[in-house]
Amino acid sequence: MFDQIIQFLATGLSVGSTYALVGLGFAIIYNASGVVNFAQGEFVMLGAMSAVGLLAAGVPYPLALLVAILIVTLVGFSLNKFAIEPARGASVVATIIITIGASIFLRGAALLIWGKDIFSMPAFSGNEPIEIGAATVVPQNIWIMGITVVLVLLVRYFFDKTLYGKAILACSCNKTAAGLVGINVKLMLLTSYGLSAAIGAVAGLLIAPIAFTSFDAGTMLGLKGFSAAILGGMGSGMGAVAGGLVLGVLESLGAGLISSGYKDAMAFVIILAVLFFKPSGLFGFKSVDRV
Amino acid sequence: MKKRNTGLLGIAAVTLGLMAVGAPLQASETIKVGTFLAVTGPASFLGDPELKTLQLYIEKINAKGGIDGKMVELIHYDTGGNAKDAVGFAKRLIKQDRVDVIVGGSTSGSTLAAMPEMTKAGMPFISLAGSVKIIDPVNPWTFKTPHTDRMAAAKVYADMKKRGITKVALISGDGGFGKSGRAQSLALAPEYGITIVADESYGTKDTDMTAQITTIRASDAQAILNFGFGSGPAIVTKNIRQLGVDLPLYQSHGVASKKYIELAGGAAEGVRLPASALLVADKLDDSDPQKAVLMAYGTAYESSFGPVSTFGGHAYDGLMIALEAIDRANSTDKTKVRDQIEATTNFIGTGGIFNMSKTDHMGLGLDAFRMLEIRNGDWTLVN
């Protein structure tokens with residue numbers, strides 16, 4: 001039984017890491033603009049699909065991954081430039097609806113470009129299982145966890161220590177004030193979309209070798225990442241990461257120990273319970289309205 | 001969406017007029033085959049090859065002079081996989097287009113939803129969907145050509161019995177196909193002396209199933225049976241090998257495409273599954289009665305559209321059974337056509353050899369499925 005639990009935890013952490021990366025992408029854009037970007041899952045899908053397309057076209061492996069990240073970053077920039085920015089006077093809710101539209105558009109575009117097939121992508125370093133204690137993982141699981149840790153630390157450093165990162169945070173606190181002290185609000189928004197698109201793309205590249213990809217692969221991952229962000233507290237990057245890991249482990253333990261049929265239901269019930277007792281999420285700040 | 005000749009509209013209008021005054025005239029100068037398929041949407045992998053097959057063969061038949069000297073006309077609507085739309089289109093085919101026979105319904109959901117309309121109107125209907133519920137209990141007006149999930153489970157259990165396996169772990173997707181397959185597998189197990197020792201499921205979009213397989217590993221199962229399609233079964237296959245589980249793995253006919261081998265890669269080696277003979281047409285004995293039909297269909301489809309799928313094959317079977325029945329009936333009278341479809345015997349199709357009867361509206365035996373094993377990245381026949 002103990003051996004099994006080790007395996008469930010290993011699985012949960014690996015799956016949770018991908019949720020964490022998607023959730024982190026949600027948190028970055030939310031941080032900068034208060035908008036929940038529902039096209040985040042599509043960034044994940046586009047990252048994987050672009051890499052698969054480039055590999056099929058004969059681009060060498062590491063280069064294909066880098067170019068894929070670049071392509072998705074550009075998509076993130078254009079989403080901001082051509083869909084979000086023209087509507088800058090719009091309310092947050094209207095902007096969220098724009099991102100839902102963008103996600104449908106990106107899914108449709110992927111369907112037209114790559115068709116409705118499911119694609120596989122070669123793993124970063126082979127498929128030979130590795131035994132860690134009582135658990136067995138494939139090298140890709142370790143890549144997922146490792147790169148997630150590195151990215152999370154980098155993002156944390158960026159927002160906490162660099163002027164640029166702090167400027168983005170300033171925009172989320174008060175756009176007008178940030179503009180008045182000389183922060184280029186437009187540029188900061190553009191950066192945050194590019195950054196979260198790039199992180200989404202990395203998540204897609206990490207997960208494609210173990211879970212494949214298709215034009216509609218982003219929807220479910222987006223939903224899980226969104227749940228992770230909500231669970232951790234919207235707007236808290238580290239909260240989203242913790243939320244993702246908790247969600248992954250809960251799903252895995254639920255599937256293994258109780259019943260695989262109620263796996264998703266249990267995870268969502270726990271999220272509801274958390275939100276009931278702590279509406280701002282595990283690590284979110286209490287929002288205070290000044291009257 | 002809908003192809004028809006405007007000239008035919010005129011004929012239809014005149015015919016309608018004549019019928020209105022009660023003139024006993026043949027319904028029309030063409031044989032109208034109606035169809036509603038999921039050509040777009042999530043089930044398009046079914047509807048797309050089905051429509052292409054229907055169009056291809058109707059063109060071929062017309063080029064040869066049609067049936068009894070009458071041209072065959074196809075009237076098609078795209079349901080997008082939506083069962084509600086299917087009902088609307090079925091009504092339109094019956095009332096407005098006044099077709100002679102309907103061959104269609106890509107998914108079990110749309111077929112089951114449209115069936116009451118066919119019964120009400122007395123319209124011979126050949127469904128292209130999998131569920132056993134379509135023909136059990138028998139509906140006098142509905143037939144189907146694809147194999148059922150119950151047959152797949154039976155075929156797998158028969159093979160397990162031969163290998164002396166009695167304890168089986170079941171893992172299924174939570175989509176319609178997986179759920180229905182799971183129910184049939186559970187119901188059929190006692191008949192073959194098989195105990196289901198683990199019954200796991202996964203979401204169709206899940207990315208990792210190691211938790212479920214860890215539970216299976218801890219059970220005393222002697223083999224694993226996986227019901228599902230899409231990416232799920234390929235992930236299950238990879239996870240099983242990853243965890244070093246050395247049990248024989250059986251998949252369902254839901255993964256009977258080269259895509260599965262491509263996705264699961266080396267992990268698919270040794271996997272067994274029941275599938276239509278269409279996949280291994282070139283590996284069949286020359287004495288096999290199905291070989292000629294399969295090769296002919298395969299060549300015709302591939303020369304126009306690319307790799308064959310078993311789903312297109314079901315449409316071929318449905319269309320041919322319907323047209324042969326009309327040919328035998330020498331009329332498009334609905335009841336006569338229905339009786340002739342029911343009297344189909346020894347029709348060699350892509351799915352198997354069909355022998356329909358009053359109590360069997362599919363007409364396929366277990367031998368319609370071949371047991372395949374994946375070796376060196378290709379299908380091989382298991383004897």
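Within the range B:218-232, take every residue that is within 7 Å of chain A (Cβ to nearest Cβ) and surrounded by 22 or more Cβ atoms within 10 Å (Cβ to Cβ) and give me the one that is farthest from the chain's Cα centre (by Cα).
Step by step, filter the range B:218-232, then rank; the result is B:SER231.
Would you pick out the residues in the range A:42-76 that are touching a Leu at 6+ places or on another chain (Cβ under 7 Å) and within 16 Å of A:PHE212 (Cβ to Cβ)?
Of everything in the range A:42-76, those that are touching a Leu at 6+ places or on another chain (Cβ under 7 Å) and within 16 Å of A:PHE212 (Cβ to Cβ) turn out to be A:VAL44, A:LEU46, A:GLY47, A:ALA48, A:ALA51, A:ALA68.
Go through the range B:99-129 and give me each residue that's under 18 Å from B:ASP333 (Cβ atoms) and among the hydrophobic types (A, V, I, L, M, F, W, C).
B:VAL99, B:VAL101, B:ILE102, B:VAL103, B:MET118, B:ALA121, B:MET123, B:PHE125, B:ILE126
For residues in the range B:79-106 being part of a loop (DSSP other than H, G, I, E, B) and open to solvent by 30 Å² or more (accessible area, probe 1.4 Å), which is modelled with the lowest pLDDT? Explain how you work it out, then say what you get.
Step one: of the range B:79-106, the residues part of a loop (DSSP other than H, G, I, E, B) are B:79-82, B:96-100, B:105-106.
With open to solvent by 30 Å² or more (accessible area, probe 1.4 Å) added as a condition, the list becomes B:81-82, B:96, B:98.
Working: B:GLY81: 82, B:ASN82: 86, B:GLN96: 94, B:ARG98: 94.
Only one residue tops the list, namely B:GLY81.
Condition first: within 30 Å of A:GLN4 (Cα to Cα), surrounded by 21 or more Cβ atoms within 10 Å (Cβ to Cβ), in contact with a strand residue (DSSP E or B) (Cβ under 7 Å, 6 or more places away or on another chain) and modelled with pLDDT of 90 or more. Can you find one or more residues in the range B:318-327 that meet it?
No.
Kindly evaluate B:ALA296 against the criterion of being away from every other protein chain (no Cβ under 14 Å), part of a helix (DSSP H, G or I) and free of Cβ contacts under 8 Å to residues at least 12 places away in the same chain.
Here the answer is yes, as B:ALA296 does meet what is asked.
Looking at (1) farther than 30 Å from A:LYS116 by Cα; (2) within 14 Å of chain B (Cβ to nearest Cβ), which is the only condition A:LYS161 fails?
With respect to (1) farther than 30 Å from A:LYS116 by Cα; (2) within 14 Å of chain B (Cβ to nearest Cβ), A:LYS161 is out only on (2).
Tell me which residues, restricted to the range A:102-121, are more than 9 Å from chain B (Cβ to nearest Cβ) and open to solvent by 40 Å² or more (accessible area, probe 1.4 Å). Spell out how you get there, then give the answer.
Taking the range A:102-121 and keeping what is more than 9 Å from chain B (Cβ to nearest Cβ), we get A:102-115, A:121.
Across the range A:102-121, the qualifying residues are A:ILE104, A:PHE105, A:ARG107, A:LEU111, A:LEU112, A:ILE113, A:TRP114.
So which helices (runs of 4 or more DSSP H) are wholly in the range A:129-218 and hold at least 1 residues that are closer than 30 Å to B:ILE240 by Cβ and of a type in the set (A, V, I, L, M)?
Ranges flagged: A:139-161, A:185-211.
Condition (residue is crowded, with 23+ Cβ neighbours inside 10 Å and either touching a strand residue (DSSP E or B) at 6+ places or on another chain (Cβ under 6 Å) or modelled with pLDDT of 95 or more (or both)) applied to the range B:186-193: is it met by at least one residue?
There is no residue in the range B:186-193 that is crowded, with 23+ Cβ neighbours inside 10 Å and either touching a strand residue (DSSP E or B) at 6+ places or on another chain (Cβ under 6 Å) or modelled with pLDDT of 95 or more (or both).
If you take the residues of the range B:233-250 that are under 22 Å from B:ASP159 (Cα atoms) and either out of contact with any strand residue (DSSP E or B) (no Cβ under 8 Å at 6 or more places or on another chain) or not aliphatic (A, V, I, L, M) (or both), which of them is most open to solvent (accessible area, probe 1.4 Å)?
Residue satisfying both the conditions and the ranking: B:ASP246.
Across the range A:1-28, which residue is nearest to B:ALA218 (Cα to Cα) among those that are surrounded by 24 or more Cβ atoms within 10 Å (Cβ to Cβ), facing chain B (nearest Cβ under 9 Å) and in contact with a Leu (Cβ under 8 Å, 6 or more places away or on another chain)?
A:GLN7
For residues that are part of a helix (DSSP H, G or I) and more than 14 Å from B:GLN55 (Cβ to Cβ), scanning just the range B:304-317, find the one that is most open to solvent (accessible area, probe 1.4 Å).
B:PHE311
Provide a single number: the residues in the range A:248-260 that are assigned to a helix (DSSP H, G or I) and surrounded by fewer than 18 Cβ atoms within 10 Å (Cβ to Cβ).
Number of matching residues: 2.
From A:ALA203, A:ALA217, A:ALA197, which residue is open to solvent by 10 Å² or more (accessible area, probe 1.4 Å) and in contact (Cβ under 8 Å) with a residue 24 or more places away in the chain?
Checking each option against the conditions leaves just A:ALA217.
In the set A:MET188, A:MET266, which member is modelled with pLDDT under 85, open to solvent by less than 50 Å² (accessible area, probe 1.4 Å) and more than 12 Å from the chain's Cα centre (by Cα)? Reasoning before the result, please.
Values: A:MET188 fails: modelled with pLDDT under 85.
Only one candidate qualifies: A:MET266.
Condition first: hydrophobic (A, V, I, L, M, F, W, C) and in contact with a Lys or Arg (Cβ under 7 Å, 6 or more places away or on another chain). Now tell me which residues in the range B:161-219 satisfy that.
B:LEU170, B:LEU188, B:VAL197
Name every residue in the range B:349-361 that is of a type outside the set (Lys, Arg) and closer than 15 Å to B:ALA325 by Cβ, in order of residue number.
The first filter runs over the range B:349-361 and keeps only residues of a type outside the set (Lys, Arg), leaving B:349-357, B:359-361.
Answer for the range B:349-361, where residues must be of a type outside the set (Lys, Arg) and closer than 15 Å to B:ALA325 by Cβ: B:GLY349, B:PHE354, B:ASN355, B:MET356, B:SER357, B:HIS361.
Quick one: in the range B:251-266, of everything that is touching a strand residue (DSSP E or B) at 6+ places or on another chain (Cβ under 9 Å) and more than 30 Å from B:ALA292 (Cβ to Cβ), which residue is farthest from the other protein chains (Cβ to nearest Cβ)?
Among them, the one singled out is B:ALA264.
A quick yes/no check of all residues on (1) of a type in the set (Lys, Arg); (2) touching a Pro at 6+ places or on another chain (Cβ under 8 Å); (3) in a strand (DSSP E or B):
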{"site": "B:PHE143", "(1), (2), (3)": "no, yes, yes"}
{"site": "B:ILE165", "(1), (2), (3)": "no, yes, no"}
{"site": "B:GLY181", "(1), (2), (3)": "no, no, no"}
{"site": "B:THR207", "(1), (2), (3)": "no, no, no"}
{"site": "B:ALA211", "(1), (2), (3)": "no, no, no"}
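Run B:ILE374 past the list (1) closer than 24 Å to B:ALA129 by Cβ; (2) among the aliphatic types (A, V, I, L, M); (3) open to solvent by less than 20 Å² (accessible area, probe 1.4 Å) and report the number of the one that doesn't hold.
B:ILE374 satisfies all of (1) closer than 24 Å to B:ALA129 by Cβ; (2) among the aliphatic types (A, V, I, L, M); (3) open to solvent by less than 20 Å² (accessible area, probe 1.4 Å) except (1).
Looking at the range B:270-290 only, could you name the residues that are in a strand (DSSP E or B) and polar (S, T, N, Q)? Spell out the reasoning first.
The first filter runs over the range B:270-290 and keeps only residues in a strand (DSSP E or B), leaving B:272-276.
Hit for the range B:270-290 is B:SER276, nothing else.
Can B:THR215 be described as touching a strand residue (DSSP E or B) at 6+ places or on another chain (Cβ under 8 Å), within 11 Å of chain A (Cβ to nearest Cβ), in contact (Cβ under 8 Å) with a residue 12 or more places away in the chain and open to solvent by 60 Å² or more (accessible area, probe 1.4 Å)? If you could, list the steps in order and put the result at the bottom.
Numbers: touching a strand residue (DSSP E or B) at 6+ places or on another chain (Cβ under 8 Å): yes; within 11 Å of chain A (Cβ to nearest Cβ): yes; in contact (Cβ under 8 Å) with a residue 12 or more places away in the chain: yes; open to solvent by 60 Å² or more (accessible area, probe 1.4 Å): no.
No; evaluated as a whole, the condition is false for this residue.
Within the range B:143-159, identify whether any single residue is free of Cβ contacts under 8 Å to residues at least 60 places away in the same chain and in contact with a strand residue (DSSP E or B) (Cβ under 6 Å, 6 or more places away or on another chain), and answer yes or no.
no
Which of the residues that make up the range B:292-340 are farther than 29 Å from B:LYS358 by Cβ and among the hydroxyl-bearing types (Ser, Thr, Tyr)?
B:THR299, B:TYR301, B:SER303, B:SER304, B:SER309, listed by residue number.
Taking interchain pairs and intrachain pairs at least six residues apart, which have beta carbon atoms under 9 angstrom, with the first residue in the range A:101-124 and under 27 Å from B:ALA264 (Cβ atoms) and the second among the basic types (Lys, Arg)?
A:ASP117/B:LYS259; A:ILE118/B:LYS259
Just one of the numbered conditions (1) over 28 Å from A:ALA10 (Cβ atoms); (2) open to solvent by 20 Å² or more (accessible area, probe 1.4 Å); (3) at pLDDT below 90 is not true of A:ILE168; which one?
(2)
The values are calculated or read from the model by the stated rules, or taken from the named source; none is laboratory data. Predicted model, so just to flag it, every value in this text is computed and none were measured. Ideal geometry is used to build each Cβ from the backbone, glycine not excepted, and the neighbour counts take in all protein chains shown. Ligands, DNA and RNA are excluded from the accessible area calculation, which covers all protein heavy atoms including side chains. Shrake-Rupley method; radii C 1.70, N 1.55, O 1.52, S 1.80 Å.
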